[in-house]
1. Since residue 5 meets every condition but one in (1) at pLDDT 65 or above; (2) over 29 Å from the mean Cα position of the chain (by Cα), which condition does it not meet?
2. Could you go through the stretch 111-132 and let me know if any residue there is closer than 29 Å to residue 86 by Cα, basic (Lys, Arg) and either loosely packed, with under 10 Cβ neighbours inside 10 Å or touching a residue at least 40 places away in the same chain (Cβ under 8 Å) (or both).
Amino acid sequence: MVEDGELGALGADSYTRRGHPDAQVRMSAYFQDYVTVGVFIALGAVLVAVMLGIAAVLRPNNPTRTKQLTYECGVDPVGAGWSQTYVRYYVFGLLFVVFDVEAVFVFPWAVAAERLGLFGVVAITIFMLTLIEGLAYAIKKGVLRWE
């Protein structure tokens, strides 16, 4: 066992792993935090696997041809299942995400604006001008025109 005076260069934030055959093996508190995170990730993965297993055992399993058909809002499926989707739907979604994420960055800036001073004003101005430039480009390309 390690005596209190034998910690040496490892410092007071180290500890000896209990139950280990070599009592001199130590792990710093820094790595102990990573071990804690790893344990929680592993427990989360085990919990997901157990719940999926329970669901697979308890669910009713009676596949029929009707149940395996593609459902189209109550209308019987006609033709192939493939159809072309316009890119504009994805562009609208992407623009929404960009401006939604922009709000996530602006709100904390607004809270800390007084503390940041001139640097904060310049930074948010550059950020907003970049977003306005992107919006102007989208308008120029006609992406926001809905036909």
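1. With (1) at pLDDT 65 or above; (2) over 29 Å from the mean Cα position of the chain (by Cα) applied to residue 5, the lone miss is (1).
2. Scanning the stretch 111-132, I find no residue that is closer than 29 Å to residue 86 by Cα, basic (Lys, Arg) and either loosely packed, with under 10 Cβ neighbours inside 10 Å or touching a residue at least 40 places away in the same chain (Cβ under 8 Å) (or both), so the answer is no.
Quick grid of which residues meet (1) within 30 Å of residue 145 (Cα to Cα); (2) polar (S, T, N, Q); (3) at pLDDT 85 or above:
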position: 64; (1), (2), (3): no, yes, yes
position: 67; (1), (2), (3): no, no, no
position: 70; (1), (2), (3): no, yes, no
position: 76; (1), (2), (3): no, no, no
position: 84; (1), (2), (3): yes, yes, no
position: 106; (1), (2), (3): yes, no, yes
position: 120; (1), (2), (3): no, no, yes
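The values are calculated or read from the model by the stated rules, or taken from the named source; none is laboratory data. Given the structure is predicted, the values throughout are model-derived calculations rather than measurements. Heads up, the Cβs are rebuilt from the backbone with ideal geometry, glycines too, and the neighbour counts pull from every protein chain shown.
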